[in-house]
Amino acid sequence: HAHMTIDALNAGLHVLCEKAMAPTIEDCSAMVDAHQKNNRILHIGHQRMFNIKYLQAMKDIEEGLIGKVTQIRAYWHMNHDWRRPVPSPELEKKINWRLYEEFSCGLMTELASHQIQVANWILKEHPECAWGAGSINHWKDGREVDDNVNLVYKYPGGTHLVQDITLSNKKYGMEEQVLGPLG
C-alpha cells in the first residue's frame with residue numbers, strides 16, 4: 001500500500017492504511033517520511049484494535065484480571081486453499097496473487113500479522129527475536145508460499161507468543177489465548 005499511501009499523504013489527505021503496510025523497509029520509511037513532511041495522520045490499521053471484544057479484553061488485562069501476562073498462544077486453522085478460479089492461464093498470478101512470493105508474504109502477512117499485533121498491543125513492546133518454520137505440506141498446487149507455519153516470538157520481558165497457522169485443518173479455528181497466573 002506504500003505508493004497509494006504516499007500519493008494520498010502528498011495530496012494533503014489523512015490515511016488509514018490496512019496492513020500490510022509495505023513489502024520493504026525502504027517503502028515503510030518513505031511512507032513515514034511522507035507522513036512527517038505533510039503533517040498528515042498515517043494510521044496502519046489492524047481489525048482487532050477496533051473490535052469491542054478485544055477492547056474489553058484489553059481493559060480486563062490492564063485491570064489485572066489474569067495477573068501478569070506470562071504467555072500468549074495464538075492459532076489460526078482453516079481448510080482453505082486460497083485459490084480462486086482463473087478464466088485464463090495468464091491471469092493466474094493476478095487472481096491468485098496470495099500464493100506467489102512476488103506479491104505476497106503468505107500466512108505471515110495475511111494472518112500472523114493480526115495476532116502479532118494483538119501480542120504487541122497487550123505487552124506494549126515488540127519481539128526481540130523469533131524462531132520457527134514453515135512449509136508447503138498440504139496444498140501441492142504450484143504455490144510458492146507456505147500453507148503451514150509455526151513460530152515462537154520472544155519479548156523483552158521474557159514472555160513468549162506461540163503461534164500456529166495451517167490451511168489444512170479447521171478443527172480449532174482461530175483464537176488468541178492470553179495466559180497469566182490468575183486466568
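The values are calculated or read from the model by the stated rules, or taken from the named source; none is laboratory data. What you see is a predicted model; the values in this text were computed from it and never measured. With ideal geometry, Cβ positions are generated from the backbone for all residues, glycine too; neighbour counts draw on all protein chains shown. Keep in mind that these areas ignore ligands, DNA and RNA; they rest on the heavy atoms of the full protein, side chains included. Shrake-Rupley method; radii C 1.70, N 1.55, O 1.52, S 1.80 Å.
The residues of segment 153-165 that are out of contact with any Leu (no Cβ under 6 Å at 6 or more places or on another chain), assigned to a strand (DSSP E or B) and either of a type outside the set (D, E, K, R) or open to solvent by less than 60 Å² (accessible area, probe 1.4 Å) (or both), listed by number, are HIS160, LEU161, VAL162, ASP164.
For first residues located in segment 102-122 and acidic (Asp, Glu), partners that are assigned to a helix (DSSP H, G or I) and lie 6+ apart or on another chain with Cβ distances below 9 Å form the pairs GLU102/LYS93; GLU110/ARG98. Applying the condition of being open to solvent by less than 30 Å² (accessible area, probe 1.4 Å) and touching a helix residue (DSSP H, G or I) at 6+ places or on another chain (Cβ under 8 Å) to segment 64-98 and asking which residue is modelled with the lowest pLDDT yields TRP82. Scan segment 121-144 and give yes if some residue there is under 22 Å from GLN47 (Cα atoms), open to solvent by 70 Å² or more (accessible area, probe 1.4 Å) and at pLDDT 95 or above, otherwise no. Among the residues of segment 121-144, at least one is under 22 Å from GLN47 (Cα atoms), open to solvent by 70 Å² or more (accessible area, probe 1.4 Å) and at pLDDT 95 or above, which makes the answer yes. ASN150: touching a residue at least 40 places away in the same chain (Cβ under 8 Å) and either out of contact with any Lys or Arg (no Cβ under 6 Å at 6 or more places or on another chain) or surrounded by fewer than 18 Cβ atoms within 10 Å (Cβ to Cβ) (or both), yes or no? Against the criterion (touching a residue at least 40 places away in the same chain (Cβ under 8 Å) and either out of contact with any Lys or Arg (no Cβ under 6 Å at 6 or more places or on another chain) or surrounded by fewer than 18 Cβ atoms within 10 Å (Cβ to Cβ) (or both)), ASN150 does not qualify. Against the list (1) part of a loop (DSSP other than H, G, I, E, B); (2) open to solvent by less than 90 Å² (accessible area, probe 1.4 Å); (3) of a type outside the set (S, T, N, Q); (4) within 23 Å of GLN163 (Cβ to Cβ), the condition GLU101 fails is (2).
ALA112 satisfies every condition listed in (1) open to solvent by less than 30 Å² (accessible area, probe 1.4 Å); (2) modelled with pLDDT of 95 or more; (3) of a type in the set (A, V, I, L, M) except (2). Only one entry of VAL145, VAL86 meets the criterion of being part of a loop (DSSP other than H, G, I, E, B), in contact (Cβ under 8 Å) with a residue 40 or more places away in the chain and among the β-branched types (Val, Ile, Thr), and that entry is VAL145. Against the condition more than 21 Å from the chain's Cα centre (by Cα) and more than 21 Å from LYS140 (Cα to Cα), how does HIS43 come out, does it pass? Judged against the criteria, HIS43 is not a match.
Taking segment 7-23 as the range and being within 23 Å of the chain's Cα centre (by Cα) and open to solvent by 50 Å² or more (accessible area, probe 1.4 Å) as the test, the residues that pass are HIS14, LEU16, GLU18, PRO23.
Criterion first (among the acidic types (Asp, Glu) and either in a helix (DSSP H, G or I) or open to solvent by less than 70 Å² (accessible area, probe 1.4 Å) (or both)) does GLU26 satisfy it? Here the answer is yes, as GLU26 does meet what is asked. Restricting attention to segment 39-59 and to residues that are without any contact (Cβ under 8 Å) to a residue 12 or more places away in the chain, closer than 27 Å to GLY180 by Cα and of a type outside the set (A, V, I, L, M), the residue that is surrounded by the most Cβ atoms within 10 Å (Cβ to Cβ) turns out to be ASN51. For segment 167-180, the condition holds for at least one residue, the condition being that it is touching a Gly at 6+ places or on another chain (Cβ under 6 Å) and part of a loop (DSSP other than H, G, I, E, B).
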